[in-house]
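In what follows, a structure is listed as structure tokens, so that the remarks can point back to it.
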Amino acid sequence: MSELRDHLFDEILQARQRVYAVGEPTPLQKVSLPGVDAVIYAKREDLGPIKAYKWRGAYNCMAKLSPEQRALGVVAASAGNHAQGVALAASKLGCKAHIFMPRSTPAVKQESVLKHGGEHVEIMLVGDSYDAASAAAHEFAEQRQLPFVHPYDDLDTMGGQGTLADEIVMSGEGPFDRVYLQIGGGGLASACACWLHKFWPECRFIGVEGVNQASMMKAVEAGERVTLPYVDVFCDGTAVRRAGEQTFKLCRELIDSFVTVTNDEVCQAIRSLWNSLRVVPEPSGAMGLAALMQDWEKGQIKPGEKCLVVLSGANMDFSQLGVVASRAGVRDSHRKMRYLRIPMETKRGQILKYLKSIPEGVLLTDVQYGRISGDIQHPVFGVLGTDEQFAEIDRRLAEKNLKATDVSHDDDVRFRMISCDRVLLSHPTFFVIEFPERPGAFTEFMATVGQYANLCYFNYQYSGESVGRAMVGLEFASLEDRDACRRSAAKLIGTTIQTIQDLPDPVRRRVLDSMSPFDHSHDSRS
């Protein structure tokens, strides 16, 4: 055991006498995942005083300062959670905290800092990244000779963070076979692995980083710290370009292996936590579970193994929930979400022909289609299925001399860039429709409208509601056909169908504006 590791263990031991002046121990809670035969516990750090674990390190570090040092004030840099921890500590200890945050910091985190710190806090928004804010904070602290409260690369900070590992041991739920620890700068992983290894030496510690955030993994591979040229900030709590100097040494010694997770996998883990515990963590808070789910699918976890993840925080801007829900899709432990671009002839009934060939049990969650020039069209279908079902889709398409292209990660699909050449459309009418979200309802609707019109536009995405909503573009030979279509479809599946003209004027204008590059003059002809 290294001297640095011994020092950190002693710091955690001493921190137990300080941190509970501002917070209570957080519980462990069992997590149930369908199809995963492992015993999983989550350390609920989202239930702490700032809804994240960072209060522990910030308070311990500041409590160790002398009264004279605290009287001068402290300086910190943070994208959110560490700032809240420093603010809480400043309020409890009665000192001033100058907190530097990127200008892009979500409002919810800035408001929380002020809520916890009140008059003891001064927020200084600098730069567009944590690195810029941190550089400004260090310069400010050096110029004024003020103590800097580091978010991770400091033994006093890590000592406080390690108290959550002490609570894990004291919970009586251990020992654990595998512990998944998310890594930003490495403070949480270093402290937890240091403490838990002392009591459970057979435990395996897995460091978890984002695919475009893996500064610690790359440092360990290179044998020295490296600076990432780019860091993804979706999981903003772990968006660190360069691992800490001390945390690098500790993680190299204590972490057994590393796993990188995608943003989509993190979103799916958030969805799983909601399904199991009705909890919504921030993206970085779910990274440990995302890695566990990935390892289970790869067969890395043996049935019955006891696993631990740290739900490290839940300070997510409310507006990010929509992005998380969209990227999580409707995936479950047995089925996967894929977006398939399938070539089809430009003639009536082709989409219906495809829908009827989808194997039973496959769920259609997304349709993106707009008429373009040429004899072949390329609609995109979002489908949820098993590997065997996708293989069956490929087989059935091959029988028709067609081949699907997986476009799940294409930007035009992700941002729903649905092209449509208005010059090709003859007497189009656009409908806003609702239909029951039940198997077969969409296919029935398509079979009905296909008797009267040709589909020229379709934009539908599963929302989790009991009804599906879509914007549909149809070409009718006459107004009589249009009216007959509306009556027949409503009677068949109980759907509410409205033309753009039927909508209130502000709604009508909003719908039209959203449909560029469609020519609004087409609307008057329907």
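The values are calculated or read from the model by the stated rules, or taken from the named source; none is laboratory data. Computed from a predicted model, the values in this text were never measured in an experiment. All Cβ positions, glycine included, derive from the backbone under ideal geometry; neighbour counts span all protein chains shown. Surface areas here come from the heavy atoms of the whole protein model, side chains and all, with no ligands, DNA or RNA. Shrake-Rupley method; radii C 1.70, N 1.55, O 1.52, S 1.80 Å.
Computed over protein heavy atoms with a 1.4 angstrom probe, the accessible surface ordering of VAL380, VAL432, largest first, is VAL432, VAL380.
For segment 1-63 versus segment 101-162, the inter-centroid distance based on Cα atoms is 21 Å. Solvent-accessible surface of segment 1-112, averaged per residue with a 1.4 angstrom probe and all protein chains in place: 39 square angstrom.
Accessible surface of MET417, taken over heavy atoms with a 1.4 Å probe and every protein chain present, rounds to 130 Å². Averaging the sequence gap over all C-alpha pairs within less than 8 Å and six or more residues apart, then dividing by the number of residues, gives segment 368-482 a relative contact order of 30 percent. The relative contact order of the chain, computed from alpha carbon pairs under 8 Å that lie at least 6 residues apart in sequence, is 12 percent.
Counting heavy atoms of the protein chains alone, GLU399 has an accessible area of about 120 Å² for a 1.4 Å probe. Surface analysis of segment 201-253 yields an accessible area of 46 Å² per residue, using protein heavy atoms and a 1.4 Å probe. Electrostatic bookkeeping for GLN350 treats Lys and Arg as +1 and Asp and Glu as -1; over the other residues with beta carbon under 13 Å from its beta carbon, the sum is +4. Across segment 301-309, coupling constants 3J(HN,Hα) worked out from phi with the 6.51/-1.76/1.60 Karplus curve, θ = phi - 60°, read 9, 7, x, x, 5, 9, 10, 10, 10 Hz, and Gly and Pro carry x. Tally up the carbon and sulfur contribution to the accessible surface of the chain as a whole percent, 1.4 Å probe, everything protein left in place. Carbon-and-sulfur percentage of accessible area, whole number: 48. Residues whose amide H comes within less than 5 Å of that of ALA470, counting only those at least five positions distant or on another chain, are ILE433 (H built at 1.01 Å from N in the peptide plane). Near the amide H of ARG204, within less than 5 Å, lie the amide hydrogens of ARG178, VAL179, all on another chain or at least 5 residues away, with H placed in the peptide plane. In the chain, the DSSP-assigned H stretches of four residues or longer account for a calculated mean residue ellipticity at 222 nm of -11500 deg cm²/dmol, using -39500 (n - 2.57) per stretch and the full residue count as denominator.
Placing +1 on the Cβ of every Lys and Arg and -1 on the Cβ of every Asp and Glu, with nothing else charged, gives the chain a dipole about its Cα centre of roughly 840 debye.
Largest accessible area first, the residues HIS82, HIS116, HIS197 order themselves as HIS197, HIS116, HIS82 under a 1.4 Å probe with ligands, DNA and RNA left out. Taken one residue at a time, the phi angles of segment 27-39 give Karplus couplings (6.51, -1.76, 1.60, θ = phi - 60°) of x, 9, 9, 6, 10, 10, 10, x, x, 9, 8, 9, 8 Hz. Gly and Pro are set to x.
The phi torsions of segment 5-14, fed into the Karplus equation with coefficients 6.51, -1.76 and 1.60 and a -60° offset, translate into couplings of 5, 4, 4, 5, 4, 5, 5, 5, 4, 6 Hz, rounded to whole numbers, with Gly and Pro shown as x. Solvent-accessible surface (1.4 Å probe) assigned to MET124 amounts to roughly 50 Å². Computing Cα Rg over 2.2 N^0.38 Å directly from the structure and comparing it against (1) 1.15; (2) 1.26; (3) 1.79 singles out (1). Please work out the FRET efficiency for the pair ASN401 and HIS378, using the Cβ-Cβ distance as r and a Förster radius of 22 Å; give the result to the nearest 0.05. Once rounded, the FRET efficiency stands at 0.90. Note on segment 321-390 and segment 424-464: Cα centroid distance 14 Å, given to the nearest whole angstrom. Summarising the strand pairing of the chain, around 60 percent of its internal DSSP beta bridges are antiparallel. Largest accessible area first, the residues SER478, SER112 order themselves as SER478, SER112 under a 1.4 Å probe with ligands, DNA and RNA left out. Distant-in-sequence amide contacts of THR386, defined by a placed amide H-H separation under 5 Å and a gap of 5 or more residues or a different chain, comprise LYS336.
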